[in-house]
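These notes concern the structure reproduced below.
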Amino acid sequence: INIRIILDEVNHPYCEASPDFCNWEHKYMLYHALEAVAPYAHTTVHAKYWDRWDNVDIARCVEILNHNGYRGKIALEYEEGPWDGVEGAQRLMKDVLAAL
């Protein structure tokens, strides 16, 4: 993951990752890339529903963060999908809270 290379090179406490649950180039990266950058995330992560990838396991994403000791904020973002924006954000919040 190129982000890790950059963060390792910069090696500064103000330079960190801000991963986004669904914003990866390839579907196989949904969990693999999150696992790779989670140790570099300290203040903000984006939990997201986005119909770009089917059936994203929000609980698994939260578990990856928990396993890596993440204690920062989780911003909710509903990109696109079967619900309107409010309903999508509410469903996402419910799923994230259930996984914490």
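The values are calculated or read from the model by the stated rules, or taken from the named source; none is laboratory data. Source: prediction; values computed, not measured. Virtual Cβ from ideal backbone geometry, glycine too; neighbours counted across all protein chains shown.
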Considering segment 50-66 alone, what residues qualify as being touching a residue at least 12 places away in the same chain (Cβ under 8 Å) and in a loop (DSSP other than H, G, I, E, B)? Asp51, Arg52, Trp53, Val56, Asp57
Restricting attention to segment 72-100, which residues are part of a loop (DSSP other than H, G, I, E, B) and more than 13 Å from the chain's Cα centre (by Cα)? Gly81, Pro82, Trp83, Asp84, Leu100
For Ala47, are the conditions met, namely being surrounded by fewer than 18 Cβ atoms within 10 Å (Cβ to Cβ), touching a residue at least 12 places away in the same chain (Cβ under 8 Å) and either assigned to a loop (DSSP other than H, G, I, E, B) or under 13 Å from the mean Cα position of the chain (by Cα) (or both)? no
For segment 67-77, indicate whether the set of residues that are surrounded by 19 or more Cβ atoms within 10 Å (Cβ to Cβ) and at pLDDT below 95 is non-empty. no
Note on segment 30-39: residues touching a residue at least 12 places away in the same chain (Cβ under 8 Å) and either more than 10 Å from Tyr70 (Cβ to Cβ) or part of a loop (DSSP other than H, G, I, E, B) (or both) are Leu30, Tyr31, Ala33, Leu34, Glu35, Ala36, Val37
